[in-house]
Structures are given as C-alpha cells and as structure tokens.
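Working notes, beginning with the structure itself.
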Amino acid sequence: MTKKTKDELQVRYREIQDRLGELNASAKNEKRSLTDEEQREWDELRREAKLVTMDIQGQITDDAIASHREKKNKGEILREMLKETRGSSREIVLGNGSNGDVRSSGAINLDIKDMLPTLNEGLGLPAGAVLVTGVTGDELWPVSLDDAEVEEVGETAALTDQNLTFDNIKPVSARAGISIVVSNTAIDNAAFDLLGFVQQKFTLALKKYLAKKLYSQAQWTGSVKGPFSGMTKAGDITIGAEAFKEILAAVATFTAKGYDASQVCLVMDAATEAELKATPKAQGQGGFVIEDGKCAGYDYVVTHYINTELDSTGALVPTSDRYIGIGLFNYEAIQQHGTVRFTIDNQSKAVAVKNVTALVLNTAFSMTDLSKKQTVNGTKNVTTQAFALYKVVEEEPTTE
C-alpha cells in the first residue's frame, strides 16, 4: 500500500472530523443517542483519526530531521567538494588553560553571529523587464521601417506601387564572469555556512551587474549597455507645484509616438521618491504625486544607479545632479546566453602554490534596445524611442 503524503493525511483527517460532526448533529437534531450502526462507525472513525494523527506527526518529525540534516550538512558541502580528506572541526578553541578548556583559561566564550552583509540598494528589475536565460543561437527581431499610404486617383488611373522596407535587430552578447579566491585555511575552519555565503556573493554580483548596466547613464564601452547609457536629457522635471503635470507631460510624449503609455515605468533615486511622496498633485486637488505605490499613476522603481556615470578612471561614480528615467522596459531585451558554468579549482598548480581554491563563474549577457530602429510618425530612427531621461530640478522659492 502506498504511503500517503502529509497533505493527503491532513485531507483525510478533515474528512473524518466532518463525518463525526455529521453524526453528532444528526443525533442532536433528532434528540436521540447514536444507533448501534452509527456508534460502530463513530468508533472506527475515532481509531482512524488517531492513526492519521500519528502518521502526520511522524512525517513532521521526519521533515524536521531532514531539514536539520540539510542545515547541518550544508556548511560541509563546500569542504567535501573541495577536498577528499575528512573535514576538520568547526569548533573554535582558545588555549592557555591547563586542561585546554576555554572556560578554565579565563577567556570569554565566542558566540558566532550571522555575518553582517554588504548593503546594496536598487537591484530589482523594473516593471516590464524580463531576464531571459539560456538563450542559444542567433536571434533576430524583424523591424518594419515604413508604412503604406492611401492614394486618391482617378477612376481608371493606376495606383503607385509602394514598397515596404524591413530591417532586423540582432543582440550582441559579451562574456561576463566572476572569480573568487578563498583561502583553504578559511575553508577548513569556517564557522558559518561558507557555501551559502559564496553563493550569495555570486548572486549579488550578478544582480549588481545587471542593475548598473540597465539603469546607469555611464557611457559603457562594451556591447552590454542599458537604454540610459550615454543618453542626453530630454528635459527637466521640477519638484514642486508643477511636478505632477510635468511627469504626465513626459509620459505623454510616448503616447504621441504611438506607444501604450500604460506600460511606462519610471526610475528614480530614494531622495526623489521621498520628495514626490510629499509633493501635492496640484493646487486644490487632493493626493500626492507618489501614492499607493504609483508615481503619477505609473509603476516606478527606486535605484541610485540612475544617478551614476563613469569618471576619468572608468570607475562608476555619482552624477552631480539627480535624474528620472522613463521607459517602456518591455522594449529592452535582457538575455543570458548559453550555459552558466561554475568551476571549482583546488588542484591546479596555480592555486595549489598559494594554498587557495578558485571559484569561477562564466557566462554571457546582452541588452538590446528594440525601439532604436522603429519608425515613429514616418521618421526613421537610429536612437532609442522607448526611453527618456529627465533632470530633476528644485522649484525656485517664491518671494513676496
């Protein structure tokens, strides 16, 4: 007989309780005791309920033990992967005591806390953006460059032949990777989940890479660059009485091009978000520019990377001004190409002579602006049409 799962046992337990309730209600409504047949059913159901309860408790215990084993073993996985010899103790010992006991030496017991993480902000993808992984082969997005026009001609006159022109957009990927070197001594004596820690660092590095490329105004030299890279500002947005109207006007420029502006997402830093949360929509109109998780009714994302650029050394630094980016991120194709390869090297001479282990990740990414070649209102373009950058300016104080 197949053993029931915990969910199936819980369903059966509820069924038993429902049936017991029906038997009780029937006897109570008819102001009588249970019949012999009902009593036998009652007793059988009660026995089954006890067995089901025991099975559920047993499975909970099994799950808890498995979880404990997984937690216990997780910190050892990396050491097992990196060396064949038996792992050393994770216990920290302080000497000087006559019997080697930390307490008798007068030292203070060490309580290893969770490691304080590095702090990072603005790493999430905006509404409409999707990271497609495992892309293989060459991809093309066909683009229509012109439209047909209706002609008015005489009753028997010939119509002019019109040709439709097409182009295509092809993503250009670039190799991207991470290499982390860990001391073998640290691996042997790690008093925390070293494998989980390294995995978190790899994940964080990938998120930071994508956020910097997607949001920054930096003039990236490689092929992977977001829509705001090197962009010239389209205008100003004043934080003040006209902010609501100016944001709506900026969004309206996308509608005028033929885009569905309801899909627009704004990008700003935390300081700008805070100001817009306290900026009224308009005089005599209730509410604020940012309310209920929307900016002027549109999705937005908060990231300091919108205010970054490259300095003369190639380092990413804050800009002198603040900006709001506006775009339709469904027109930004973000892709990871091929396989993500994770390699652990603790045996080659290059790492052995340094007593370290190298953990290396290799893959490739591309970011492709699909709006660059779109024809807008009859005009052929080679620059982005679905994104714009606005400088944030403060309202001039009024004097009376």
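Annotations
- Looking only at segment 261-315, residues that are outside any strand (DSSP E or B), in contact (Cβ under 8 Å) with a residue 12 or more places away in the chain and not small (G, A, S) come to 16 in all.
- Looking across F365, F342, one residue alone is modelled with pLDDT under 85, assigned to a strand (DSSP E or B) and not β-branched (V, I, T). It is F342.
- Single residue of E22, E48 found to be within 16 Å of K3 (Cα to Cα), out of contact with any strand residue (DSSP E or B) (no Cβ under 9 Å at 6 or more places or on another chain) and of a type outside the set (K, R): E48
- Within segment 3-26, being among the basic types (K, R) and part of a helix (DSSP H, G or I) holds for K6, R12, R14, R19.
- L359 at negative phi, modelled with pLDDT under 90, surrounded by 20 or more Cβ atoms within 10 Å (Cβ to Cβ) and in contact with a strand residue (DSSP E or B) (Cβ under 8 Å, 6 or more places away or on another chain): yes
- Number of the condition not met by L214 [criteria: (1) over 16 Å from N307 (Cβ atoms); (2) part of a helix (DSSP H, G or I)]: (1)
- Of all residues in segment 33-60, those being over 44 Å from the mean Cα position of the chain (by Cα) and of a type in the set (S, T, N, Q) number 3.
- V317 of a type outside the set (F, W, Y) and closer than 30 Å to V301 by Cβ: yes
- Output for segment 1-20, where each listed residue is of a type in the set (A, V, I, L, M), within 17 Å of L45 (Cα to Cα) and out of contact with any helix residue (DSSP H, G or I) (no Cβ under 8 Å at 6 or more places or on another chain): V11
Let's see how each residue does on (1) in contact with a Gly (Cβ under 8 Å, 6 or more places away or on another chain); (2) at pLDDT 85 or above; (3) hydrophobic (A, V, I, L, M, F, W, C); (4) assigned to a loop (DSSP other than H, G, I, E, B):
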position	(1), (2), (3), (4)
E121	no, no, no, yes
P142	no, no, no, no
A148	no, no, yes, yes
A158	no, yes, yes, yes
Q162	no, no, no, yes
I178	no, yes, yes, no
D188	yes, no, no, no
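- Positions within segment 221-247 being of a type in the set (A, V, I, L, M, F, W, C) and surrounded by fewer than 18 Cβ atoms within 10 Å (Cβ to Cβ), in sequence order: M231, A234, A241
Rundown of residues vs (1) among the charged types (D, E, K, R); (2) modelled with pLDDT of 95 or more; (3) in the same structural domain as Q385 (by TED's automatic domain parsing), yes/no style:
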| residue | (1), (2), (3) |
| --- | --- |
| T232 | no, no, yes |
| D236 | yes, yes, yes |
| A241 | no, no, yes |
| A250 | no, yes, yes |
| F254 | no, no, yes |
| K257 | yes, no, yes |
| T272 | no, yes, yes |
| T279 | no, no, yes |
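- Filter result (surrounded by 16 or more Cβ atoms within 10 Å (Cβ to Cβ) and part of a strand (DSSP E or B)) within segment 368-391: T368, D369, F387, A388, L389, Y390
The values are calculated or read from the model by the stated rules, or taken from the named source; none is laboratory data. Predicted model only: the values in this text are computed from it and were never measured. Heads up, the Cβs are rebuilt from the backbone with ideal geometry, glycines too, and the neighbour counts pull from every protein chain shown.
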